[in-house]
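What follows is a single structure, written as structure tokens, with notes after it.
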Amino acid sequence: EEKGLINPKRTPAGYRQYADSDVERLRFVLGLQRDQYLPLKVIKDYLDAIDRGERPENLPPGVTVSPRVVSAEMAAEIQGRARALTEEQ
């Protein structure tokens, strides 16, 4: 938020309210930062271009600008694979 990458709504008390689009935007940012080692300034340039309706031409290979959506079926499948861990694990 401080770098201008997201701008969540605020409640009258000042609490942040993140919309689904904010979460997807954060996933995009964190993915580029983690997988491509890009600085936040470069990621902000990408986001600004996307916000203007452009498709940044110099995105790293394999990076998409469309949000990654998890369907209810996929969520159920992922939950089905969950297992309890022992304290040692």
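The values are calculated or read from the model by the stated rules, or taken from the named source; none is laboratory data. The structure presented is a predicted model; accordingly, all values stated were derived computationally and were not measured. Neighbour counts are summed over all protein chains in view; Cβ atoms, including those assigned to glycine, are modelled from backbone coordinates with ideal geometry.
Of note, Glu54 satisfies the criterion of being surrounded by 11 or more Cβ atoms within 10 Å (Cβ to Cβ) and in a loop (DSSP other than H, G, I, E, B).
Count, please, the residues in segment 23-34 that happen to be more than 8 Å from the chain's Cα centre (by Cα) and touching a residue at least 12 places away in the same chain (Cβ under 8 Å). I'd like the intermediate steps shown before the answer.
At the first step, the residues of segment 23-34 found to be more than 8 Å from the chain's Cα centre (by Cα) are 32-34.
In the following step, the residues that additionally are touching a residue at least 12 places away in the same chain (Cβ under 8 Å) were identified as 32.
Result for segment 23-34: 1.
Look through segment 35-66, keep the residues that are at pLDDT 90 or above and among the basic types (Lys, Arg), and return whichever of them is nearest to Asn7 (Cα to Cα). Looking at the filtered set, the residue picked out is Lys44. For segment 2-22, the set of residues classified as on the phi > 0 side of the Ramachandran plot and touching a residue at least 12 places away in the same chain (Cβ under 8 Å) consists of Gly4 only. Anything in segment 35-46 that is touching a residue at least 12 places away in the same chain (Cβ under 8 Å) and in a loop (DSSP other than H, G, I, E, B)? List them, or say none. Answer for segment 35-46, where residues must be touching a residue at least 12 places away in the same chain (Cβ under 8 Å) and in a loop (DSSP other than H, G, I, E, B): just Leu38. Within segment 4-29, the set of residues being under 14 Å from Pro60 (Cα atoms) and aliphatic (A, V, I, L, M) comprises just one member, Val29.
Can you tell me which residue in segment 67-89 is farthest from Asp22 (Cα to Cα), limited to those that are at pLDDT below 80 and among the acidic types (Asp, Glu)? Of everything passing the filter in segment 67-89, Glu77 is farthest from Asp22 (Cα to Cα).
Looking only at residues that are in a helix (DSSP H, G or I) and polar (S, T, N, Q) in segment 1-33, which one is surrounded by the most Cβ atoms within 10 Å (Cβ to Cβ)?
Applying the first criterion (in a helix (DSSP H, G or I)) to segment 1-33 yields 20-33.
From what's left, polar (S, T, N, Q): 21, 33.
Details: Ser21: 11, Gln33: 14.
Only one residue fits best here, namely Gln33.
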